[in-house]
Amino acid sequence: MFKKILIANRGEIACRVIKTARRMGIATVAVYSEADRDSLHVLSADEAVCIGPAASKDSYLAIDKIIAACKKSGAEAVHPGYGFLSENQELSSRLEENGIIFIGPKHYSVAAMGDKIESKKLAIAARVNTIPGYNEAIGNARQAVEIAKGIGYPVMIKASAGGGGKGLRVAFNDAEAAEGFDSCRNEARNSFGDDRVFIEKFVEGPHHIEIQIIADAHGNTVYLLERECSIQRRHQKVIEEAPSPFIDDTIRKAMGAQAVALAKAVNYQSAGTVEFVVGSDKSFYFLEMNTRLQVEHPVTEFITGLDLVELMIRVAAGEKLPFEQDDIKPRGWAIECRINAEDPFRGFLPSTGRLVRFQPPSNLGSQVRVDTGVYEGGEISMHYDSMIAKLICHGDNRLQAIERMRDALNSFFIRGVSSNIPFQAALMQHPRFVSGLFTTAFIAEEYPQGFVAADVPHDDPGLLTAVAAFARRRYIDRAVKISSQMPGHERKVGSQWVVHMEGTSYPVTLEAIPGGYSITSDEKRYDIVSDWLFRELVFQGTCNGQPICMQLERAGLEYRISHFGKQVKAVVMTARADRLLALMPVKMAPDLSKYLLSPMPGLLREISVHAGQQVRAGEKLAVIEAMKMENILKAEKDCTVRKLVAESGESLSVDQVIIEFE
């Protein structure tokens with residue numbers, strides 16, 4: 001077994017590999033860019049080597065620097081994680097030339113399957129079901145449009161070296177095909193150094209199902225069941241689960257057999273994933289093979305009881321798999337939510353900055369797992385992807401796993417940057433998700449105008465008012481006890497209050513009960529018992545004997561509450577104060593309609609208009625790159641460009657003016 005390995009990656013996956021290596025008694029070496037000097041994976045490893053500036057191409061994608069770090073540290077093997085160089089055949093080959101083991105498949109397997117165009121040809125040869133399409137690199141946008149029309153819309157435009165939702169677009173017409181081709185090529189060039197793009201038919205109403213395989217160097221290949229990855233936004237996975245609520249055992253075995261056949265066709269060794277699209281009639285087609293560890297591998301680990309990172313290390317060290325296909329049986333159900341630094345209420349725009357508070361769920365037992373590469377006080381950088389953490393919950397069945405995930409999301413507290421936790425919580429409540437009757441179009445169908453606060457109704461707003469009243473009353477009771485008051489002139493605390501929330505006044509009555517307060521709101525009684533302390537950001541207790549858990553923080557006179565994705569600001573006051581509040585003037589927001597503002601920090605890649613140009617609603621104005629993704633800004637209405645304020649290549653801050661209109 002190896003004595004020391006280097007992790008050629010950063011963030012969550014680097015920390016994940018370090019944990020398993022430490023348990024196996026293997027020393028670890030982290031590599032880091034200058035932007036990641038104080039990152040968690042650097043602090044967690046036994047030693048660390050700086051490999052360059054923030055830009056990925058000058059650090060995490062620099063093969064020479066990875067090899068030099070191995071030689072400097074004496075690392076015998078390299079685990080690539082996912083993303084970056086994990087599917088780079090040159091890295092695998094160069095490591096082998098230098099006598100360093102690649103903890104992944106051999107370079108010839110990476111070459112065969114890492115190229116989506118070539119892998120599809122190999123899949124056809126191996127008699128694996130494939131989707132109709134054009135399997136050669138496309139030269140330009142005009143050719144892409146002609147090919148798309150020949151195949152028939154809708155089509156999927158894909159970068160040959162793409163992955164993780166990058167370099168991927170769906171086009172329903174000529175304009176979308178041309179624009180999608182350019183975006184895919186740019187994203188692929190920037191993220192993977194390979195701008196080849198191809199097109200295939202888009203299967204409508206599909207499920208995205210992937211088969212996890214593991215193979216050793218002794219001819220043994222086993223599939224470790226499937227993962228359901230159909231809950232996606234912009235082709236990036238949001239929620240993954242195992243097993244799938246859609247497929248049956250017959251389809252599972254057929255897909256597993258084809259995945260194994262494909263792996264054997266390229267003499268595959270290590271962990272890998274064969275991805276399929278499954279139609280409503282349960283016909284399935286090969287999409288691609290990812291020759292690496294997947295982001296969502298923890299759900300497979302939960303239902304199989306296996307550590308995939310450990311298996312990868314052992315296979316790379318020449319060991320045989322310690323099990324056969326018949327030994328793999330599902331154990332319950334697992335669900336993973338990707339917690340990303342993005343604002344779901346602002347079109348999921350990336351959010352960067354310092355993690356002022358970072359408090360993952362910590363008291364929900366061994367069936368809840370948090371994989372992360374950040375810590376409180378750390379920085380979410382604009383240079384890399386937006387993932388903050390992965391939240392994984394396991395249950396005896398799917399409904400129990402969902403319930404655990406709901407509780408975990410309620411207690412996952414993040415401040416300083418925006419996160420998609422409210423969106424994830426809303427999805428966990430959605431009837432279609434709970435029923436399991438969804439496809440890859442689920443988010444687009446259910447949230448066609450984006451995600452707004454109205455998409456997260458609360459089935460009992462009285463509970464939120466009661467918790468706000470509870471918190472305020474506890475503050476008042478403490479103030480009465482600690483303030484010095486003249487005998488005979490003690491402060492009298494009334495029982496009648498008003499909770500002002502979302503523009504509505506809710507009269508409430510409070511009375512003390514053992515361990516808490518009984519609050520009556522709209523003729524409904526809430527007996528809340530809790531030992532909640534003022535410093536705690538998560539409110540836990542019982543209401544009418546049932547457990548409750550929600551986020552609660554005080555900001556001035558407001559109490560900010562988050563529960564099942566619903567976020568409210570509540571002010572608790574006397575009835576007279578509520579009447580006076582209604583008389584206060586409302587400050588009008590400034591008119592910013594004549595400006596195009598940067599919705600996020602990022603790099604201004606392109607300005608598509610010029611001064612004096614008339615543009616129509618929906619026309620592209622600018623392209624901003626942030627967190628390795630291109631974001632296209634379009635005109636909201638017909639207008640005329642007065643002047644360009646920012647320049648291409650400029651680094652933008654949030655709300656910085658890019659274009660001024662007449």
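Read-outs: derived from the displayed coordinates by stated rules, not from any lab. Small disclaimer: the values here were computed from a predicted structure and weren't measured. Note that we place each Cβ from the backbone using ideal geometry, even for glycine, and neighbour counts take in every protein chain shown.
For the range 252-265, the Karplus equation 6.51 cos²θ - 1.76 cosθ + 1.60, evaluated at θ = phi - 60°, returns couplings of 4, 5, 5, 5, x, 5, 5, 4, 5, 4, 5, 4, 5, 5 Hz by residue, with Gly and Pro reported as x.
About the centre of its Cα atoms, the range 595-661 shows a dipole size close to 140 debye [charges on the beta carbon of Lys, Arg (+1) and Asp, Glu (-1) only; nearest 20 debye]. For a test of the definition: using alpha carbon positions, the gyration tensor, and the 1.5 limit on a/c, classify the range 482-564 as rounded, prolate or oblate. Since a/c stays below 1.5, the shape of the range 482-564 is classed as rounded. Simple point charges give the picture: +1 on the Cβ of Lys and Arg, -1 on the Cβ of Asp and Glu, and for the chain a dipole about the Cα centre of about 1060 debye.
In this structure, the amide hydrogen of residue 506, modeled 1.01 Å from its nitrogen in the peptide plane, lies closer than 5 angstrom to those of 499, 500, 501, counting only residues at least 5 positions away or on a different chain. Stretching residue 560 away from residue 444 to a fully extended chain increases their span by 38.8 nm, per 0.36 nm per residue minus the current alpha-carbon distance. Among 404-411, 346-353, 639-646, sorting by the average number of other beta carbon atoms lying within 10 angstrom of each residue, highest first, gives 404-411, 346-353, 639-646.
Near residue 387, the amide H atoms lying under 5 Å from its own belong to 341; only residues 5 or more places off or on other chains count, and H is placed 1.01 Å from N. The Cα trace of the range 132-201 gives Rg and Dmax of 10.4, 29 Å, the first to one decimal, the second as a whole number. Once the Cβ-Cβ distance of residue 3 and residue 509 is raised to the sixth power relative to R0 = 56 Å, the FRET efficiency obtained is 0.25. Once both labels are positioned 7 Å from their Cα atoms along Cα-to-Cβ, the gap between residue 482 and residue 496 label points is 3.0 nm. For the range 1-99, the calculated P(r) over all alpha carbon pairs, in 10 Å bins from 0 to the bin holding the longest distance, is 17, 56, 26, 1 percent. For the chain, the longest principal axis of the Cα atoms and the long axis of helix 141-151 meet at an angle of about 90 degrees.
Residue exposure proxy: 430, 394, 79, 107, ordered by other Cβ atoms within 10 angstrom of their Cβ from fewest to most, comes out as 430, 107, 394, 79. Be a star and scan the range 386-406 for residues whose amide nitrogen sits under 11 Å from the point 7 Å along the Cα-to-Cβ vector of residue 19. The answer is 390-392. Given the DSSP H assignment, sum -39500 (n - 2.57) over each helix run of at least 4 residues in the chain and divide by its residue total; what's the result at 222 nm in deg cm²/dmol, nearest 500? Taken over the chain, the calculation gives -8000 deg cm²/dmol.
Counting only DSSP beta bridges whose two residues both lie in the range 1-98, roughly 0 percent are antiparallel. Shown in residue order for the range 28-42 are the 3J(HN,Hα) couplings computed by the Karplus curve 6.51 cos²θ - 1.76 cosθ + 1.60 at θ = phi - 60°: 10, 10, 9, 10, 8, 8, 4, 6, 9, 3, 9, 6, 5, 5, 5 Hz (x for Gly and Pro).
In order along the range 324-333, the phi-based Karplus estimate (6.51 cos²θ - 1.76 cosθ + 1.60, θ = phi - 60°) of 3J(HN,Hα) comes to 10, 4, 5, 7, 8, 10, x, 10, x, 9 Hz; Gly and Pro are listed as x. Look at the dipole of the range 191-299 built from charges on Cβ: of 267, 279, 291, the Cα furthest out on the positive end belongs to 267.
Anisotropy class assigned to the range 352-393 is oblate, per the alpha carbon gyration tensor with a/c at or over the 1.5 cut-off and a/b no larger than b/c. Descending by average beta-carbon neighbour count within 10 Å, the peptides 511-518, 461-468, 116-123 line up as 461-468, 116-123, 511-518, the highest first.
Cα axis of helix 174-192 to longest principal axis of the chain: angle in degrees, 0 to 90, nearest 10? The angle comes out at about 80 degrees. Listing 508, 568 from fewest to most neighbouring C-beta atoms within 10 Å gives 568, 508. Ordering 399, 321 by the number of other Cβ atoms within 10 Å of each residue's own Cβ, fewest first, gives 399, 321. Given R0 = 35 Å, the distance between the Cβ atoms of residue 307 and residue 537 translates into a calculated FRET efficiency of 0.60. Amide hydrogen proximity for residue 288: with H placed 1.01 Å from N in the peptide plane, the residues at 5 or more positions away or on another chain lying under 5 Å are 275. Projecting label points 7 angstrom from Cα along Cα→Cβ for residue 359 and residue 453 puts them 2.3 nm apart. Using a simple spin-label model with pseudo-atoms 7 Å out from Cα toward Cβ, residue 317 and residue 586 lie 6.6 nm apart. Rounded to the nearest 0.05, what FRET efficiency is calculated for residue 217 and residue 175 with R0 set to 60 Å and r the Cβ-Cβ distance? After rounding to 0.05, the efficiency reads 0.75. Segment residue 522..residue 634, full-extension length gain: 35.8 nm, with 0.36 nm per residue of separation and the alpha-carbon distance subtracted.
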